[in-house]
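See structure below.
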Amino acid sequence: MRTAFIHQLIEEAKTNDKIFLLVGDLGFSVVEPFAEQFPERFLNVGIAEQNMVGIAAGLAMEGYCVYVYSIGNFPTLRCIEQIRYDVCYHNLNVKIVAVGGGYAYAALGPSHHATEEVGMLRTIPNIVICTPGDPAEAKAITTFSARYSGPCYIRIGKAGEPTVHTKQTFLEPGDILPVIESTADIAVFSSGAMLKYSFDFISENNVNSSLYSFPFVKPLRKAQLISLFKKYKRVITIEEHQLNGGFGSVILEELNNFSETEEIIKTVKVRRIGIPNKFFSIAGSQEYLRKAASIELKKEFFTQENRN
């Protein structure tokens with residue numbers, strides 16, 4: 001996803017001379033093409049992420065569309081105060097890009113795990129939260145963010161994620177993308193990099209279920225979400241993030257809101273899959289950490305007997 005992001009950012013920068021990229025002493029072998037083509041709009045700030053967000057805010061106040069790029073937890077958890085006060089409070093045109101969301105840097109331990117940041121950031125006013133599921137969505141989100149004036153958070157994978165979408169994707173804020181549509185009364189709602197895993201599980205296990213990708217966590221398109229709740233009796237949310245305050249929580253909150261306003265008058269059962277309320281102080285592959293945290297689908301989740 002990070003390669004798709006930087007390639008598309010270069011394309012956007014060719015026609016938008018206000019795009020500026022800041023990095024925190026990383027991205028080598030990834031960001032060089034941008035730096036070579038637009039040296040006057042690129043700055044390696046060094047290992048000083050909080051200062052980097054402050055610089056981004058200043059550049060945005062001068063009219064730039066600024067991208068801040070670093071490893072998952074560093075431009076988010078380390079900079080939460082600067083994002084809140086410097087960027088979002090002033091509604092500035094700054095895009096926080098976290099490469100390696102979730103357990104993408106699993107081998108480096110909890111200090112490099114980005115597993116709580118969506119829950120923290122989505123409580124801050126003015127910020128749009130983007131969680132593309134594959135390189136096609138990452139490209140589309142980059143185009144959206146370059147043309148959107150305001151704060152954005154973009155959570156992308158590390159590298160090598162396969163493309164799921166077979167058609168070119170265009171995105172408006174809150175769009176929900178159908179990936180597999182079935183006649184069953186159950187659907188999987190996938191957030192971020194869990195898309196390929198979910199797609200493979202449904203396909204390889206011959207599970208009769210629909211699958212939707214949510215490239216946005218905030219906002220969500222209200223009418224589209226209501227139509228999905230009306231269509232399905234059961235929903236499974238899956239995310240590489242703490243269950244507390246994450247994507248699954250968003251779905252539950254929206255369902256409750258629709259029930260209160262009587263836009264949804266039937267019962268929809270929601271099963272959330274994500275990280276339990278704990279740290280995993282172990283090292284291994286991303287798949288190893290996902291399994292340890294029980295971020296996985298099971299065939300019995302889709303059976304008729306498992307409805308109650």
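Pairs linking a residue in region 32-59 that is assigned by TED's automatic domain parsing to the domain that holds D86 and closer than 15 Å to T76 by Cα to a residue that is of a type in the set (D, E) and buried (at least 18 other Cβ atoms within 10 Å of the Cβ), with Cβ atoms under 9 Å and 6 or more positions apart or on different chains, are V53/D86; G54/D86; A56/D86; A57/D86. Say whether the condition of being in contact with a Leu (Cβ under 9 Å, 6 or more places away or on another chain) and either at pLDDT 95 or above or not charged (D, E, K, R) (or both) is met by at least one residue in region 283-293. Yes, region 283-293 contains a residue that is in contact with a Leu (Cβ under 9 Å, 6 or more places away or on another chain) and either at pLDDT 95 or above or not charged (D, E, K, R) (or both).
What do you reckon, is I6 crowded, with 20+ Cβ neighbours inside 10 Å, of a type outside the set (D, E, K, R), part of a helix (DSSP H, G or I) and assigned by TED's automatic domain parsing to the domain that holds C152?
Working: crowded, with 20+ Cβ neighbours inside 10 Å: yes; of a type outside the set (D, E, K, R): yes; part of a helix (DSSP H, G or I): yes; assigned by TED's automatic domain parsing to the domain that holds C152: yes.
Answer is yes for this residue.
Consider G24 carefully, then state whether it is touching a helix residue (DSSP H, G or I) at 6+ places or on another chain (Cβ under 7 Å), farther than 19 Å from K139 by Cα and at pLDDT 95 or above. Steps first, answer last, please.
Values: touching a helix residue (DSSP H, G or I) at 6+ places or on another chain (Cβ under 7 Å): yes; farther than 19 Å from K139 by Cα: yes; at pLDDT 95 or above: no.
Judged against the criteria, G24 is not a match.
For region 22-50, the set of residues classified as under 28 Å from E240 (Cα atoms) and in a helix (DSSP H, G or I) consists of E49, Q50, listed by residue number. Can you tell me which residue within region 114-137, out of those that are in contact with a Leu (Cβ under 8 Å, 6 or more places away or on another chain) and assigned to a loop (DSSP other than H, G, I, E, B), is farthest from I6 (Cα to Cα)? It comes out as E116. All conditions but one from (1) among the small types (G, A, S); (2) within 27 Å of A159 (Cα to Cα); (3) at pLDDT 95 or above; (4) part of a loop (DSSP other than H, G, I, E, B) apply to G63; the one that does not is (2). Of all residues in region 140-166, those satisfying the criterion of being touching a strand residue (DSSP E or B) at 6+ places or on another chain (Cβ under 9 Å) and in a loop (DSSP other than H, G, I, E, B) are Y148, S149, G150, P151, G157, K158, A159, V164, H165.
Among the residues of region 221-242, the ones that are in contact (Cβ under 8 Å) with a residue 40 or more places away in the chain, crowded, with 17+ Cβ neighbours inside 10 Å and of a type outside the set (S, T, N, Q) come to 10 in all. For S111, the conditions (1) without any contact (Cβ under 8 Å) to a residue 60 or more places away in the chain; (2) surrounded by fewer than 18 Cβ atoms within 10 Å (Cβ to Cβ); (3) assigned to a loop (DSSP other than H, G, I, E, B) are fulfilled apart from (3).
The values are calculated or read from the model by the stated rules, or taken from the named source; none is laboratory data. Not measured: the values here are computed from a predicted model. Here the Cβ is made from the backbone with ideal geometry for all residues, glycine too, and neighbour counts use every protein chain on show.
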